[in-house]
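Remarks on the structure that follows.
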Amino acid sequence: MDEGTPSSQRPDRSARRAPRPLDTARLDELALAYVARFATSAGKLADYLKRKLRERGWEGEEAPDVAAIVARMVALRYVDDAVFARAKGQGLLRRGYGARRIGQALGAAGIGEGLRDEGLGSARERREAALVMARKRRFGPFGRDSGGGRHDPAAREKQVAAMLRAGHPLASARAMVDARTIEEAESWVDEDFD
């Protein structure tokens, strides 16, 4: 159609035909395309395939075997929950999130409890994440004037609460917010690991 055609004469895009229902081959192709494009866990892949089945329906005679497709992707090592947990955990640590939030993200991705613990990083890495969060959000000494004065109590409470929401333990949140200088905050990271 040329650009001069009035909109009332253009085909209705909402009247597109519905996608064909899935069969075993198409479901396999969807799984392969998904793992090729995204780093994922077995749980997330299963959820994706189930969602596609709900959206498009099933054409086969027997019920779809999502678990078998996921198991094959795991056997081929296209999906590895341990690698996913470590990568996701390290990414969240670098962004400044604490262990509780990382555990929640890994749980939502279908990662089991044992692998979730591996994704949380070491105690030192979790302290570094608290420092990253404080620096990024300008908490504690990172937001003060060079005078090193104390924050007002309301601002301190908000900063501690934000650190807690980011998944850091209360002790870490207090250490960052109450540090008098940047050097004190940075030395806290290595305090018990020398």
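The values are calculated or read from the model by the stated rules, or taken from the named source; none is laboratory data. Bear in mind that the values here come from a model prediction, so they are computed numbers and not experimental data. Heads up, the Cβs are rebuilt from the backbone with ideal geometry, glycines too, and the neighbour counts pull from every protein chain shown. With ligands, DNA and RNA removed, areas are computed over all heavy atoms of the protein, side chains included. Shrake-Rupley method; radii C 1.70, N 1.55, O 1.52, S 1.80 Å.
Among the residues of the stretch 104-156, those that are of a type in the set (Asp, Glu) and either assigned to a helix (DSSP H, G or I) or modelled with pLDDT of 95 or more (or both) comprise 113, 117, 118, 125, 128. When every residue of the stretch 38-52 is checked against the conditions, none turns out to be of a type in the set (Ser, Thr, Tyr), open to solvent by 20 Å² or more (accessible area, probe 1.4 Å) and under 21 Å from residue 165 (Cα atoms).
Taken over the stretch 35-46, the residue count meeting the criterion of being under 15 Å from residue 71 (Cβ atoms) and assigned to a helix (DSSP H, G or I) is 6. Does at least one position in the stretch 88-99 carry a residue that is assigned to a helix (DSSP H, G or I), among the small types (Gly, Ala, Ser) and out of contact with any His (no Cβ under 9 Å at 6 or more places or on another chain)? Yes, the stretch 88-99 has at least one match.
The residues listed here are 118, 62, 113; of these, the one that is open to solvent by 30 Å² or more (accessible area, probe 1.4 Å) and under 28 Å from residue 29 (Cβ atoms) is 62. Residues that are charged (D, E, K, R) and touching a residue at least 60 places away in the same chain (Cβ under 8 Å) were ranked within the stretch 123-142; the one that is farthest from residue 181 (Cα to Cα) is 124. Of all residues in the stretch 157-194, those satisfying the criterion of being assigned to a loop (DSSP other than H, G, I, E, B) and open to solvent by 30 Å² or more (accessible area, probe 1.4 Å) are 169, 180, 181, 191, 192, 193, 194. Can you spot a residue in the stretch 25-35 that is surrounded by 11 or more Cβ atoms within 10 Å (Cβ to Cβ), under 25 Å from residue 120 (Cβ atoms) and aliphatic (A, V, I, L, M)? So far as the stretch 25-35 goes, yes, one or more of its residues are surrounded by 11 or more Cβ atoms within 10 Å (Cβ to Cβ), under 25 Å from residue 120 (Cβ atoms) and aliphatic (A, V, I, L, M). Against the conditions (1) in contact with a Lys or Arg (Cβ under 8 Å, 6 or more places away or on another chain); (2) open to solvent by 20 Å² or more (accessible area, probe 1.4 Å), residue 102 satisfies every one except (2).
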